[in-house]
1. What does the charge count near Ser166 come to, summing +1 for each Lys or Arg and -1 for each Asp or Glu among other residues with Cβ under 12 Å from its Cβ?
2. About the Cα centre, and with charges only on the beta carbon of Lys, Arg (+1) and Asp, Glu (-1), how big is the dipole of the range 1-155? Nearest 20 debye, please.
3. Which whole-number value in Å² is the accessible area per residue of the chain, probe 1.4 Å?
4. Pick from Glu104, Glu191, Glu158 the residue whose mean-square fluctuation is largest in a GNM of the chain, springs joining Cα atoms under 10 Å.
5. Round to a whole angstrom and tell me the spacing of the C-alpha centers of the range 18-35 and the range 37-100.
6. So, in nm, how far is label Thr207 from label Gln157 when the simple model puts each one 7 Å beyond its Cα toward the Cβ?
7. So how compact is the range 14-79: Cα radius of gyration and Dmax in angstrom?
8. Quick one: Cα convex hull volume of the chain, Å³ per residue?
Amino acid sequence: DNKMESLKGDVYGRLVVGCSTTVGKYVLPFLLASFMQQYPKVEASCFVTPRKIAVQMLTDGDVHLALASKQELNNNLEFTRFITDQVSLIVPLDHPWARRDCIEPKELLNVNFIWREEGSGTRFVAEEKLREHGIAIEQLKTTLTLGNSEAIALAVQEGIGVGFVSQMIISRLVEGKVAPVKIDGIDVKQEIFIGRDANRLGTTAQTAFWKFV
């Protein structure tokens with residue numbers, strides 16, 4: 001125990017993490033908080049940015065660790081799987097689909113969609129899955145494009161349209177206020193990785209957090 005105590009005293013320094021909006025808001029604060037309870041001498045900060053920028057900041061040495069999805073992985077950096085995030089189609093509670101067990105992919109052509117902007121991880125994985133089933137995003141009716149997933153969840157709740165949203169946001173923001181809908185044969189998941197530049201020697205704080213994660 002004494003050895004552990006002295007080790008805690010040895011873990012200090014700054015820890016700067018770059019992360020994308022959803023994971024930055026919903027996962028990282030809890031992780032950092034529990035890490036800093038263990039290592040009170042660490043000073044941590046979190047940069048919430050689009051993932052592409054987070055990876056660029058990691059390459060430039062402006063952040064020590066960064067979260068990224070598959071399409072941003074970079075060979076010069078070391079990445080390890082962090083979480084797998086379920087992405088669900090949600091509809092307003094009074095929508096006919098809310099009472100259905102499952103819908104067919106082609107039925108998606110008949111509704112108004114609310115999408116994230118291009119470059120968003122959620123949009124990327126949803127588009128990819130739809131394409132596998134012969135549906136291009138251009139064939140869908142897009143009513144609205146919004147800059148964050150919280151706004152999509154709230155717009156769906158208001159009855160403006162349907163949209164794909166991370167399960168993290170559904171459970172924290174609109175649980176019971178929207179209906180998740182299963183699409184036959186389509187399961188949308190997004191893998192999030194955490195990365196570091198193994199060529200830059202990390203502080204004890206950075207090394208400890210990498211192990212902690």
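The values are calculated or read from the model by the stated rules, or taken from the named source; none is laboratory data. Quantities reported herein were computed from a predicted structural model and do not represent experimental measurements. Heads up, the Cβs are rebuilt from the backbone with ideal geometry, glycines too, and the neighbour counts pull from every protein chain shown. Only protein heavy atoms, including side chains, enter the accessible area calculation; ligands, DNA and RNA are left aside. Shrake-Rupley method; radii C 1.70, N 1.55, O 1.52, S 1.80 Å.
1. +3
2. Once rounded to the nearest 20, the dipole reads 100 debye.
3. Per-residue value: 52 Å².
4. Glu104
5. Result: 8 Å between the Cα centres.
6. Placing both labels 7 Å along Cα→Cβ, they lie 4.5 nm apart.
7. For the range 14-79, the Cα-based Rg and Dmax read 11.8, 35 Å.
8. 131
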